[in-house]
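First up is the structure itself, then whatever we jot down about it.
Derivation of every value follows stated rules applied to the coordinates shown; laboratory data play no part. All values reported here derive from a predicted model rather than from experimental measurement. Here Cβ is always computed from backbone atoms with ideal geometry, including for glycine, and neighbour counts include all displayed protein chains.
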Amino acid sequence: MATKKQSKKVSKKKVAKTSNVKKGKKSKSPGIGSFCKGLIMSGKYSRDEIIAKSKKQFPDSAVNSKHISYYVWALKKDDKKVPALKD
């Protein structure tokens, strides 16, 4: 009887480890935040251009001007010299 309980525990752990694959989770890849921060740091784009490029790259995102402001703030908070966005 003890072996059945142990095997059930092991099988639950195996299911938990493989459940991420079954749910369709993708491997960790750069997201919209790092994409936008890269565009901001390049200094080549306006706020509207960054939003347009972000929506093209991530069509399901709801990125807007407030998000871009947050990314600029987050970069400044990390003591990075953030170039001004083009008008």
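Observations on the structure shown:
- About its Cα centre, the stretch 36-87 has a charge dipole of approximately 100 debye under the convention of +1 per Lys or Arg Cβ and -1 per Asp or Glu Cβ, with nothing else charged.
- Take the Cβ atoms of Asp78 and Lys55, set R0 to 30 Å, and the FRET efficiency comes out at 0.75.
- With both labels modelled 7 Å from their Cα along Cα-to-Cβ, the Tyr70 to Lys86 distance reads 2.6 nm.
- HN-Hα J in Hz across the stretch 76-81 - Karplus 6.51, -1.76, 1.60, θ = phi - 60°, x for Gly and Pro: 5, 4, 7, 6, 9, 7
- Note on the stretch 32-77: Cα-only Rg and Dmax are 9.5, 28 Å.
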